[in-house]
Amino acid sequence: MYTKKLILRPSAYFLATLCLYLVPCLYLLYSLAFIVFVSSRGYDVLLSDYRLRYPDAFDFETVGQFFTMQRHAWIGVHSGALGAGVGVILAIYLAFSQRVFRFFRQFIVECGKIAVVMTRTFFDASVTERSLIVLLFAGVIVYRLYFFFAFPLHTDELCSYLYFAKQGFFMTITNYVLPNNHVLYNVACSFLSAVGVFSPKAVMRLPSMAGDLLMLYGIFCFIRQRAPLSRALGVIAGVAFCYLPSFYAVQGRGYQWQECCVIVNCVACWSCYFRSNGGARKGYALFALSGVAGLYLNPLFCYHFLAILFLGTGFLAWKRDFAGMRSFLGCYGLITGGVFVLYLPILLCNGLQALTANTWLTGESSVGRLLADYSSVAFSLKYLSYYGEPGMYLLLGGAALSFALYCKRVIRGEFYDDALLYFVAITVSIAILTLFKKAYPPERSLCFWILSLNLVFVNICYDLASKFLGNKWPAFLTIFLVLKIAGSVRGLYWERFAVAEQPYVKIYYGLQKDFRALSAYRPATWLITDSDDFYSMYLRLYLLDKASGRADGGEEASNVVFGRKGASGDVLFLPDCYLPYFSLGEYRLWAEHRISAKCNGNETLSVYISKRLVSVSGEKPLRGVSDF
């Protein structure tokens with residue numbers, strides 16, 4: 001009965017396929033409209049329209065640094081060629097409509113089959129087994145909810161919400177003024193924001209939490225189809241409570257969705273090319289679209305993307321499967337084309353450099369200086385392990401020991417063969433891209449790597465225990481998992497690792513204290529100088545929360561003004577570098593040496609308040625230094 005309910009009617013298959021088919025059409029038509037719109041208006045008019053249409057979006061001066069006058073002129077000169085090029089792409093897409101439609105239908109069918117397997121895995125289990133599954137995932141949900149409520153919005157989450165998701169679909173797919181725009185994820189969040197009933201925290205975090213639970217249950221079902229229930233439960237218990245995957249499972253930044261794309265992409269690739277055994281290549285559409293989604297989420301997906309390219313071409317060449325090689329490379333061409341179409345509005349607006357030149361990840365001047373900066377590697381390993389320096393050595397030692405056990409054939413099987421191949425490929429990929437960019441990958445981009453290591457590690461412990469401990473292995477495995485989980489959740493009971501000790505949490509609560517004190521003066525306008533500074537973003541969040549009973553963006557948008565060369569507000573937040581441009585005769589210093597994100601935190605910020613407000617309140621302005 002439950003399986004039949006998941007079998008979609010032909011009309012539902014058609015509707016789902018049609019929605020996917022129309023997505024590239026929408027992007028291409030929008031790109032044409034963008035070219036016509038930009039080329040028919042002057043540069044100053046466009047920036048003026050931007051300020052009027054998006055008053056609470058990213059400040060127009062910074063936007064002007066990415067959508068420059070030169071780019072506007074270039075689009076105007078080449079508008080005919082650009083429009084013709086987009087038109088040709090659209091014509092080719094429409095000419096192959098039948099094949100494209102079959103491809104998207106195949107994807108829907110593959111997803112439907114996965115849904116049937118996931119449902120059947122639960123309902124085919126006994127009552128006792130179902131109870132254990134529900135109990136395990138209930139624990140995961142409770143732990144995720146703790147992260148949801150305990151952690152305030154991170155600055156990166158808040159930036160994504162304020163300047164992309166909150167601004168709507170078209171702003172999100174067009175503007176890449178910051179690398180915080182993980183486009184696919186922010187597109188999903190923009191739809192939630194448009195509903196108007198969710199808080200900023202819920203808008204940014206619910207999609208990530210839903211993806212995490214779906215991924216964990218998918219891994220559980222995948223293992224359960226091939227192994228006993230004890231292994232499936234043990235692996236999920238050993239992985240789901242790890243700090244880093246748990247943290248990014250709740251953070252609304254798209255890294256959890258990137259984990260999902262890596263898992264799906266790997267499984268689909270293995271099914272289609274590594275384990276096809278000469279039969280039908282199952283999972284082709286899933287492999288292609290998970291690759292497109294991963295790259296549209298974040299360009300840092302290229303580490304995995306390049307690793308799979310090495311694996312696929314190497315394996316198929318070794319097997320002399322030239323038909324498979326053509327199919328594999330054709331799929332990579334399909335992924336590249338799909339990613340190009342989705343990023344086309346951003347490429348037109350901001351150019352390729354906006355996607356590839358992350359100012360927060362500046363490279364070294366030479367390979368020698370890069371290799372000398374080994375402390376960055378050590379920091380990443382400490383961060384990924386969540387146990388500091390001991391964790392770094394434990395991580396490296398565990399990897400070396402696992403390799404030794406594999407070489408000695410103590411652990412064996414296709415899972416370990418494939419895991420070793422992927423580990424080698426991803427290491428080579430990271431090394432090549434690191435040398436090319438002369439910059440180490442940010443540790444958050446390797447969430448999928450630490451997830452994969454944990455999956456392998458827990459499976460090794462399960463196999464070793466069942467092989468060498470006889471009847472005692474269930475007790476040993478239980479104790480091991482309890483200790484592993486206890487160490488992972490130590491933030492719940494160990495003050496040193498508590499949420500309140502996190503640097504950005506201290507910043508958040510320190511700023512909230514200032515906002516409440518300043519609100520007592522009843523300011524009508526607040527002036528900011530940088531959209532992505534701490535005070536600027538958390539001020540908007542504070543005002544949104546304060547006005548949560550009113551229409552989103554109404555009073556909050558009119559109360560915050562932007563300016564860098566003139567005082568025009570009741571409260572001014574001024575980083576040091578802007579002080580010379582302001583005449584502050586009508587203002588009094590309220591606080592100084594506050595935290596700022598300017599110059600990578602090398603500057604501080606001062607808060608000034610209008611003398612008019614001080615005289616009305618009858619209080620002396622406070623003076624203080626940052627205590628957070």
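The values are calculated or read from the model by the stated rules, or taken from the named source; none is laboratory data. Nothing here was measured: the structure is a model prediction, and the numbers come from that model. Here Cβ is always computed from backbone atoms with ideal geometry, including for glycine, and neighbour counts include all displayed protein chains. Accessible surface areas use protein heavy atoms only, side chains included; no ligands, DNA or RNA. Shrake-Rupley method; radii C 1.70, N 1.55, O 1.52, S 1.80 Å.
Summary value for the stretch 65-199: 15 percent relative contact order, contacts being C-alpha pairs under 8 angstrom separated by 6+ residues. Note on residue 568 and residue 589: the model spin-label points, each 7 Å out from Cα along the C-beta direction, lie 2.7 nm apart. Give the longest segment of the chain that steers clear of GluC sites (Glu not before Pro) in DSSP loops with at most 11 neighbouring Cβ atoms within 10 Å, not counting the sites themselves. Here the longest run is 1-585. Compactness of the chain was expressed as the Cα radius of gyration divided by 2.2 N^0.38 Å, which yields 1.04. To the nearest 10 degrees, how steeply does helix 414-437 sit against the main Cα axis of the chain, on a 0 to 90 scale? Between the helix axis and the principal axis of the chain, the angle is about 30 degrees. Calculated over the stretch 1-106, the projected area of the Cα convex hull averaged across directions stands at 10.2 nm². When its C-alpha radius of gyration is set against 2.2 N^0.38 Å (N residues), the stretch 248-391 gives a value of 1.24. Can you give the translational diffusion coefficient of the stretch 464-600 in µm²/s, computed by Stokes-Einstein from the Kirkwood radius over Cα pairs at 25 °C and 0.890 mPa s? Rounded to a whole number, D works out at 131 µm²/s. With 20 Å as the limit, the listed pairs 506/565; 546/611; 513/546; 438/598 have 506/565; 546/611; 438/598 beyond it between alpha carbons. What shape does the stretch 58-150 take by its C-alpha gyration tensor, where a ≥ b ≥ c are the square roots of the eigenvalues and a/c under 1.5 counts as rounded, a/b above b/c as prolate, and the rest as oblate? Verdict is oblate for the stretch 58-150. With helices as the sole contributors, the chain gives -22000 deg cm²/dmol at 222 nm; each DSSP H run of n ≥ 4 counts as -39500 (n - 2.57), and the sum is divided by every residue.
For the stretch 351-477, the solvent-accessible area with a 1.4 angstrom probe is 56 square angstrom per residue. Note on residue 499 and residue 117: their simple-model spin labels are 3.6 nm apart, each label 7 Å out from Cα toward Cβ. For the chain, the share of accessible area belonging to carbon and sulfur comes to 65 percent (1.4 Å probe, ligands and nucleic acids excluded). Per-peptide packing, taken as the mean over residues of other Cβ atoms within 10 Å, places 456-465, 288-297 in the sequence 288-297, 456-465 from highest down. To the nearest ten degrees, helix 97-123 and the longest principal axis of the Cα atoms of the chain are 70 degrees apart.
Computed on the stretch 1-135, with alpha-carbon pairs under 8 angstrom and 6+ residues apart, the relative contact order is 45 percent.
Within the shell defined by Cβ-Cβ distances under 12 Å, the residues around residue 269 carry a net charge of +2, with Lys and Arg each +1 and Asp and Glu each -1.
Applying D = kT/(6 pi eta Rh) to the stretch 348-447, where Rh is the Kirkwood radius over alpha-carbon pairs, T corresponds to 20 °C and eta to 1.002 mPa s, the Stokes-Einstein value obtained is 135 µm²/s. Rg ratio for the stretch 76-221: its Cα radius of gyration over 2.2 N^0.38 Å, N being its residue count, equals 1.43. Could you give the angle, 0 to 90 degrees to the nearest 10, between helix 79-95's Cα long axis and the longest principal axis of the Cα atoms of the chain? In the chain, helix 79-95 runs at an angle near 30 degrees to the longest axis. Here the calculated FRET efficiency for residue 33 and residue 197, from their Cβ-Cβ distance with R0 = 35 Å, stands at 0.70, rounded to the nearest 0.05.
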